[in-house]
Amino acid sequence: MGLFRRRKQTGAVSRGRPADRADLDHLENFVRSRRGVEAYIEPRTTVTETTVILIADDGEWTRRRVDSPEGARRFAHRLAIPIYDVRLMGYPQRMRDYNERRKRRPELF
């Protein structure tokens, strides 16, 4: 009888596309082609793996999957950019301002 046996979790996190070299190349290119870039670690959710969001000084941003929070920290350290935990810091106002500008004037972007 298996009343107290635990069911094996199948994992609700999407494992469809893990982080790969193309993701890291995209992030590196973003850092090298923009000014004042900061990194923010976004935690794993039921839908996605751990991601890092890079935000430039004008608020432009990009997001890609990373292998782990530690991997995101290594990436930021290697490129000498500051890195924060979005759960502790939140998103910067310049990102929200950029999103609002895009919403009002999509033809400019």
Which condition number does T48 fail, the rest of (1) under 13 Å from the mean Cα position of the chain (by Cα); (2) among the hydroxyl-bearing types (S, T, Y); (3) modelled with pLDDT of 95 or more being met? (3)
Check on D97, within 17 Å of G36 (Cα to Cα), part of a helix (DSSP H, G or I) and acidic (D, E): yes
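Any residue that is under 20 Å from D23 (Cα atoms), of a type outside the set (K, R) and modelled with pLDDT of 95 or more - is there at least one of those in the stretch 95-109?
The initial filter retains those residues of the stretch 95-109 that are under 20 Å from D23 (Cα atoms), namely none.
No: the stretch 95-109 contains no residue that is under 20 Å from D23 (Cα atoms), of a type outside the set (K, R) and modelled with pLDDT of 95 or more.
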Residues (surrounded by fewer than 19 Cβ atoms within 10 Å (Cβ to Cβ) and either in contact with an Asp or Glu (Cβ under 9 Å, 6 or more places away or on another chain) or basic (K, R) (or both)) located in the stretch 31-44: R32, R34, R35, G36, P43, R44
Would you be able to tell me the number of residues in the stretch 45-71 that are touching an Asp or Glu at 6+ places or on another chain (Cβ under 9 Å) and of a type in the set (V, I, T)? 7
Please determine whether any residue of the stretch 84-93 is more than 13 Å from L27 (Cβ to Cβ), among the hydrophobic types (A, V, I, L, M, F, W, C) and either part of a loop (DSSP other than H, G, I, E, B) or in contact (Cβ under 8 Å) with a residue 60 or more places away in the chain (or both). no
Based on this model, can you work out whether R64 counts as closer than 21 Å to F109 by Cα and modelled with pLDDT of 95 or more? yes
Quick check: is even one residue across the stretch 46-68 farther than 17 Å from A22 by Cα, in contact (Cβ under 8 Å) with a residue 40 or more places away in the chain and out of contact with any strand residue (DSSP E or B) (no Cβ under 6 Å at 6 or more places or on another chain)? yes
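Can you tell me which residues in the stretch 45-97 are acidic (D, E), in contact with a Pro (Cβ under 9 Å, 6 or more places away or on another chain) and crowded, with 16+ Cβ neighbours inside 10 Å? Step through it out loud before you land on a result.
Restricting attention to the stretch 45-97, the residues satisfying the condition of being acidic (D, E) are 49, 57-58, 60, 67, 70, 85, 97.
Going one step further and asking which of them are in contact with a Pro (Cβ under 9 Å, 6 or more places away or on another chain), we end up with 49, 67, 85.
The answer is E49, D67.
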When the stretch 69-83 is examined, which residues are found to be in contact (Cβ under 8 Å) with a residue 40 or more places away in the chain, assigned to a helix (DSSP H, G or I) and closer than 15 Å to A56 by Cα? L79
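The values are calculated or read from the model by the stated rules, or taken from the named source; none is laboratory data. Every value quoted in this text rests on a predicted model; they were computed, and no experiment measured them. FYI the Cβ positions are ideal-geometry reconstructions off the backbone, even for glycines, and counts take in every protein chain you see.
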